[in-house]
Amino acid sequence: MSSISFAWIASLFYGATLVAGKLTTKHAIKNPWMYEFFWEACSLFFILPVALVYGVTWPQQWGPIIFSGLTYALAGIVYVLSLYMLDVSTLGSLYNFRGPFSVLLGVFVLGERLTPMQIGLIALISFCGFLVSMDERMKLSTFFQKGVMVALLAIFISAVMNVALHQALQTNGYWEVTLFTAVVAQISLLVLVPLFIKDLKKVRPAGMGGIAFSSLFFVLGYIAANRALAQNVGITSTILSLPFSMIIAFIFSRVAPELLEKHTLKVYAVRFTGAAIMFFAALKLSV
(Lines give C-alpha, C1' and ligand atoms only; values in the text may rest on other atoms or scores of the structure.)
Protein backbone atom coordinates (compact mmCIF):
# COMPACT_ATOMS: atom_id res chain seq x y z
CA MET A 1 0.00 0.00 0.00
CA SER A 2 1.03 3.62 -0.51
CA SER A 3 2.12 5.96 2.28
CA ILE A 4 -1.16 7.88 1.91
CA SER A 5 -3.17 4.69 2.46
CA PHE A 6 -1.23 3.94 5.64
CA ALA A 7 -1.77 7.55 6.77
CA TRP A 8 -5.56 7.22 6.35
CA ILE A 9 -5.60 3.95 8.29
CA ALA A 10 -3.55 5.54 11.05
CA SER A 11 -5.88 8.53 11.21
CA LEU A 12 -8.92 6.29 11.69
CA PHE A 13 -7.29 4.36 14.51
CA TYR A 14 -6.04 7.54 16.17
CA GLY A 15 -9.62 8.83 16.19
CA ALA A 16 -10.77 5.63 17.90
CA THR A 17 -7.87 6.01 20.36
CA LEU A 18 -9.05 9.46 21.38
CA VAL A 19 -12.65 8.37 21.93
CA ALA A 20 -11.70 5.25 23.89
CA GLY A 21 -9.27 7.30 25.94
CA LYS A 22 -11.83 9.98 26.77
CA LEU A 23 -14.38 7.37 27.87
CA THR A 24 -11.78 5.79 30.14
CA THR A 25 -10.46 9.03 31.66
CA LYS A 26 -13.95 10.39 32.22
CA HIS A 27 -15.50 7.33 33.81
CA ALA A 28 -12.77 5.02 35.13
CA ILE A 29 -9.21 6.37 35.60
CA LYS A 30 -9.00 9.67 37.45
CA ASN A 31 -5.22 9.87 37.80
CA PRO A 32 -3.66 11.07 34.50
CA TRP A 33 -0.17 9.84 35.42
CA MET A 34 -1.50 6.33 35.97
CA TYR A 35 -3.38 6.43 32.68
CA GLU A 36 -0.30 7.57 30.75
CA PHE A 37 2.01 4.97 32.30
CA PHE A 38 -0.25 1.97 31.71
CA TRP A 39 -1.40 3.25 28.33
CA GLU A 40 2.19 3.29 27.09
CA ALA A 41 2.91 -0.04 28.83
CA CYS A 42 -0.03 -1.69 27.06
CA SER A 43 1.11 -0.16 23.78
CA LEU A 44 4.56 -1.70 24.21
CA PHE A 45 2.93 -5.03 25.12
CA PHE A 46 1.01 -5.02 21.82
CA ILE A 47 3.99 -3.88 19.73
CA LEU A 48 6.52 -6.41 21.08
CA PRO A 49 5.11 -9.69 19.68
CA VAL A 50 4.44 -8.18 16.26
CA ALA A 51 7.97 -6.79 16.08
CA LEU A 52 9.44 -10.16 17.08
CA VAL A 53 7.41 -11.94 14.40
CA TYR A 54 8.81 -9.55 11.79
CA GLY A 55 12.38 -10.21 12.89
CA VAL A 56 13.25 -7.03 14.79
CA THR A 57 16.96 -6.63 15.57
CA TRP A 58 19.06 -4.14 17.53
CA PRO A 59 19.07 -0.59 16.11
CA GLN A 60 22.06 0.50 14.04
CA GLN A 61 22.06 4.01 15.53
CA TRP A 62 20.69 4.61 19.01
CA GLY A 63 20.82 8.41 19.00
CA PRO A 64 17.75 8.99 16.80
CA ILE A 65 15.91 6.17 18.62
CA ILE A 66 16.52 7.72 22.03
CA PHE A 67 15.42 11.16 20.87
CA SER A 68 12.30 9.68 19.27
CA GLY A 69 11.51 7.78 22.47
CA LEU A 70 11.85 10.83 24.69
CA THR A 71 9.64 12.98 22.45
CA TYR A 72 7.20 10.06 22.22
CA ALA A 73 6.93 9.92 26.03
CA LEU A 74 6.65 13.67 26.45
CA ALA A 75 4.02 13.96 23.73
CA GLY A 76 2.06 11.19 25.43
CA ILE A 77 2.15 12.89 28.83
CA VAL A 78 0.93 16.25 27.57
CA TYR A 79 -1.67 14.60 25.29
CA VAL A 80 -3.15 12.70 28.25
CA LEU A 81 -3.33 15.88 30.32
CA SER A 82 -5.24 17.60 27.51
CA LEU A 83 -7.50 14.54 27.21
CA TYR A 84 -8.64 15.13 30.79
CA MET A 85 -9.34 18.82 30.10
CA LEU A 86 -11.05 19.06 26.70
CA ASP A 87 -13.98 17.72 24.72
CA VAL A 88 -13.14 15.09 22.13
CA SER A 89 -14.59 17.27 19.35
CA THR A 90 -12.28 20.14 20.29
CA LEU A 91 -9.12 18.14 20.96
CA GLY A 92 -9.37 16.11 17.76
CA SER A 93 -9.82 19.22 15.63
CA LEU A 94 -6.90 21.05 17.22
CA TYR A 95 -4.54 18.45 15.77
CA ASN A 96 -4.82 20.34 12.49
CA PHE A 97 -2.21 22.63 14.06
CA ARG A 98 0.32 19.86 13.50
CA GLY A 99 0.77 21.01 9.89
CA PRO A 100 1.62 24.63 10.76
CA PHE A 101 3.89 23.48 13.56
CA SER A 102 5.74 21.20 11.11
CA VAL A 103 6.20 24.12 8.70
CA LEU A 104 7.43 26.40 11.49
CA LEU A 105 9.89 23.73 12.64
CA GLY A 106 11.28 23.77 9.10
CA VAL A 107 11.71 27.53 9.36
CA PHE A 108 13.45 27.61 12.73
CA VAL A 109 15.40 24.34 12.55
CA LEU A 110 16.19 23.97 8.85
CA GLY A 111 16.29 27.65 7.92
CA GLU A 112 13.44 27.38 5.40
CA ARG A 113 11.49 30.48 4.36
CA LEU A 114 7.76 31.04 4.62
CA THR A 115 5.92 32.10 1.49
CA PRO A 116 3.03 34.60 1.65
CA MET A 117 0.66 31.70 0.90
CA GLN A 118 2.00 29.69 3.84
CA ILE A 119 1.69 32.68 6.18
CA GLY A 120 -1.93 33.15 5.09
CA LEU A 121 -2.76 29.46 5.58
CA ILE A 122 -1.20 29.41 9.05
CA ALA A 123 -3.22 32.51 9.97
CA LEU A 124 -6.41 30.87 8.68
CA ILE A 125 -5.76 27.67 10.64
CA SER A 126 -5.04 29.72 13.76
CA PHE A 127 -8.32 31.64 13.41
CA CYS A 128 -10.26 28.40 12.97
CA GLY A 129 -8.70 27.19 16.21
CA PHE A 130 -10.99 29.70 17.90
CA LEU A 131 -14.00 28.14 16.16
CA VAL A 132 -13.32 24.53 17.14
CA SER A 133 -12.97 25.53 20.80
CA MET A 134 -16.32 27.34 20.92
CA ASP A 135 -18.96 26.42 23.48
CA GLU A 136 -22.48 27.70 24.13
CA ARG A 137 -21.17 31.12 25.18
CA MET A 138 -19.83 31.66 21.64
CA LYS A 139 -16.85 33.69 22.86
CA LEU A 140 -13.45 33.68 21.19
CA SER A 141 -11.86 33.79 24.63
CA THR A 142 -12.64 30.08 25.10
CA PHE A 143 -9.61 29.39 22.91
CA PHE A 144 -7.33 30.69 25.65
CA GLN A 145 -8.47 28.19 28.26
CA LYS A 146 -5.78 26.07 29.92
CA GLY A 147 -6.87 22.86 28.18
CA VAL A 148 -6.40 24.33 24.71
CA MET A 149 -2.93 25.62 25.57
CA VAL A 150 -1.94 22.20 26.91
CA ALA A 151 -3.34 20.55 23.76
CA LEU A 152 -1.36 22.92 21.52
CA LEU A 153 1.80 22.04 23.44
CA ALA A 154 1.02 18.34 22.95
CA ILE A 155 0.50 18.90 19.23
CA PHE A 156 3.76 20.83 18.90
CA ILE A 157 5.68 18.04 20.64
CA SER A 158 3.87 15.55 18.41
CA ALA A 159 5.11 17.44 15.35
CA VAL A 160 8.65 17.27 16.73
CA MET A 161 8.13 13.55 17.34
CA ASN A 162 7.06 12.99 13.73
CA VAL A 163 10.25 14.66 12.48
CA ALA A 164 12.30 12.61 14.94
CA LEU A 165 10.65 9.38 13.80
CA HIS A 166 11.28 10.28 10.17
CA GLN A 167 14.98 10.83 10.91
CA ALA A 168 15.21 7.60 12.92
CA LEU A 169 13.66 5.67 10.04
CA GLN A 170 16.41 6.92 7.71
CA THR A 171 19.10 5.16 9.72
CA ASN A 172 17.26 2.21 11.29
CA GLY A 173 14.78 -0.44 10.24
CA TYR A 174 11.05 0.10 10.56
CA TRP A 175 10.46 -2.40 13.37
CA GLU A 176 13.61 -1.33 15.21
CA VAL A 177 12.28 2.24 15.33
CA THR A 178 8.73 1.16 16.19
CA LEU A 179 9.73 -1.14 19.05
CA PHE A 180 12.71 0.60 20.62
CA THR A 181 11.13 4.05 20.50
CA ALA A 182 8.35 2.59 22.66
CA VAL A 183 10.91 0.89 24.94
CA VAL A 184 12.83 4.12 25.52
CA ALA A 185 9.55 5.95 26.19
CA GLN A 186 8.40 3.37 28.75
CA ILE A 187 11.70 3.45 30.61
CA SER A 188 11.54 7.25 30.81
CA LEU A 189 7.98 7.07 32.16
CA LEU A 190 9.14 5.21 35.27
CA VAL A 191 9.52 8.67 36.83
CA LEU A 192 5.70 8.84 36.95
CA VAL A 193 5.28 5.82 39.25
CA PRO A 194 5.50 7.79 42.54
CA LEU A 195 2.67 10.03 41.27
CA PHE A 196 0.11 7.21 41.08
CA ILE A 197 1.39 4.29 43.17
CA LYS A 198 -1.07 5.03 45.99
CA ASP A 199 -4.02 5.02 43.60
CA LEU A 200 -3.39 1.56 42.18
CA LYS A 201 -5.74 -0.08 44.67
CA LYS A 202 -8.60 2.09 43.40
CA VAL A 203 -8.35 0.84 39.82
CA ARG A 204 -11.29 -1.21 38.54
CA PRO A 205 -11.05 -3.87 35.80
CA ALA A 206 -13.13 -1.64 33.51
CA GLY A 207 -10.47 1.06 33.79
CA MET A 208 -7.66 -1.25 32.73
CA GLY A 209 -9.86 -2.63 29.97
CA GLY A 210 -10.43 0.88 28.65
CA ILE A 211 -6.69 1.57 28.69
CA ALA A 212 -6.05 -1.70 26.84
CA PHE A 213 -8.54 -0.90 24.08
CA SER A 214 -7.21 2.65 23.71
CA SER A 215 -3.65 1.30 23.56
CA LEU A 216 -4.56 -1.31 20.96
CA PHE A 217 -6.14 1.32 18.70
CA PHE A 218 -3.11 3.55 19.22
CA VAL A 219 -0.63 0.79 18.35
CA LEU A 220 -2.47 -0.03 15.13
CA GLY A 221 -2.44 3.67 14.26
CA TYR A 222 1.19 4.08 15.31
CA ILE A 223 2.37 1.16 13.15
CA ALA A 224 0.48 2.51 10.14
CA ALA A 225 1.70 6.07 10.79
CA ASN A 226 5.36 4.98 10.95
CA ARG A 227 4.93 3.26 7.59
CA ALA A 228 3.63 6.51 6.14
CA LEU A 229 6.23 8.74 7.86
CA ALA A 230 9.06 6.65 6.41
CA GLN A 231 8.11 8.06 3.00
CA ASN A 232 6.49 11.44 3.62
CA VAL A 233 6.13 13.71 6.66
CA GLY A 234 4.05 16.63 5.37
CA ILE A 235 1.03 14.95 3.81
CA THR A 236 1.11 12.20 6.46
CA SER A 237 0.98 14.73 9.30
CA THR A 238 -2.00 16.43 7.65
CA ILE A 239 -3.99 13.23 7.18
CA LEU A 240 -3.19 12.18 10.74
CA SER A 241 -4.84 15.41 11.88
CA LEU A 242 -8.25 14.50 10.45
CA PRO A 243 -10.77 14.75 13.33
CA PHE A 244 -12.56 11.40 12.92
CA SER A 245 -13.03 11.47 16.68
CA MET A 246 -15.13 14.61 16.25
CA ILE A 247 -17.68 12.72 14.15
CA ILE A 248 -17.85 9.92 16.72
CA ALA A 249 -18.24 12.45 19.54
CA PHE A 250 -21.09 14.16 17.70
CA ILE A 251 -22.92 10.84 17.27
CA PHE A 252 -22.46 10.09 20.97
CA SER A 253 -23.80 13.56 21.86
CA ARG A 254 -27.07 12.71 20.09
CA VAL A 255 -27.59 9.14 21.32
CA ALA A 256 -25.72 8.98 24.66
CA PRO A 257 -24.67 12.50 25.74
CA GLU A 258 -23.73 11.38 29.24
CA LEU A 259 -20.87 9.26 27.93
CA LEU A 260 -18.67 11.85 26.20
CA GLU A 261 -20.05 15.36 25.75
CA LYS A 262 -23.19 17.31 24.93
CA HIS A 263 -23.52 20.62 23.10
CA THR A 264 -26.13 22.33 20.98
CA LEU A 265 -26.29 21.78 17.23
CA LYS A 266 -25.14 25.37 16.80
CA VAL A 267 -21.92 24.66 18.69
CA TYR A 268 -21.22 21.56 16.62
CA ALA A 269 -21.99 23.44 13.39
CA VAL A 270 -19.37 26.04 14.30
CA ARG A 271 -16.84 23.40 15.36
CA PHE A 272 -17.32 21.29 12.23
CA THR A 273 -17.01 24.38 10.03
CA GLY A 274 -13.78 25.38 11.72
CA ALA A 275 -12.43 21.81 11.54
CA ALA A 276 -13.21 21.50 7.83
CA ILE A 277 -11.48 24.78 6.97
CA MET A 278 -8.50 23.84 9.14
CA PHE A 279 -8.11 20.49 7.40
CA PHE A 280 -8.21 21.84 3.86
CA ALA A 281 -5.86 24.68 4.79
CA ALA A 282 -3.47 22.21 6.42
CA LEU A 283 -3.67 19.97 3.37
CA LYS A 284 -2.77 22.92 1.12
CA LEU A 285 0.04 23.85 3.49
CA SER A 286 1.59 20.38 3.25
CA VAL A 287 1.68 20.29 -0.57
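The values are calculated or read from the model by the stated rules, or taken from the named source; none is laboratory data. Fair warning: this is a prediction, and the values are worked out from it, not measured in the lab. Heads up, the Cβs are rebuilt from the backbone with ideal geometry, glycines too, and the neighbour counts pull from every protein chain shown.
A few points about this structure:
- Filter result for Ile187 (under 21 Å from Leu74 (Cα atoms), in contact with a helix residue (DSSP H, G or I) (Cβ under 6 Å, 6 or more places away or on another chain) and either among the polar types (S, T, N, Q) or in a helix (DSSP H, G or I) (or both)): no
- Subset of region 29-43 [among the acidic types (Asp, Glu) and closer than 11 Å to Leu216 by Cα]: Glu40
- Residues satisfying the stated conditions in region 10-33, i.e. more than 14 Å from Tyr84 (Cβ to Cβ) and either crowded, with 19+ Cβ neighbours inside 10 Å or small (Gly, Ala, Ser) (or both): Ala10, Ser11, Phe13, Tyr14, Gly15, Ala16, Thr17, Val19, Ala20
- Test for Thr57: is it outside any helix (DSSP H, G or I) and either crowded, with 23+ Cβ neighbours inside 10 Å or touching a helix residue (DSSP H, G or I) at 6+ places or on another chain (Cβ under 7 Å) (or both): yes
- Every residue from region 74-94 that is surrounded by 24 or more Cβ atoms within 10 Å (Cβ to Cβ) and hydrophobic (A, V, I, L, M, F, W, C): Leu83, Val88, Leu91, Leu94
- Selection from region 135-169 of residues that are closer than 30 Å to Pro59 by Cβ, hydrophobic (A, V, I, L, M, F, W, C), out of contact with any Phe, Trp or Tyr (no Cβ under 9 Å at 6 or more places or on another chain) and crowded, with 20+ Cβ neighbours inside 10 Å: Val163, Leu169
- Out of Ala20, Ala75, Ala28, one residue alone is in contact with a Lys or Arg (Cβ under 8 Å, 6 or more places away or on another chain) and among the small types (Gly, Ala, Ser). It is Ala28.
- Of the criteria (1) surrounded by fewer than 18 Cβ atoms within 10 Å (Cβ to Cβ); (2) out of contact with any helix residue (DSSP H, G or I) (no Cβ under 6 Å at 6 or more places or on another chain); (3) under 25 Å from Leu229 (Cβ atoms), which one Glu176 fails: (1)
- Sub-7 Å Cβ pairs linking a first residue in region 157-172 that is under 19 Å from Asn96 (Cβ atoms) to a second residue that is outside any helix (DSSP H, G or I), at least 6 apart or interchain, are Asn162/Val233; Val163/Val233, ordered by first then second residue.
- Note on region 235-260: residues that are modelled with pLDDT under 85 and assigned to a loop (DSSP other than H, G, I, E, B) amount to 3.
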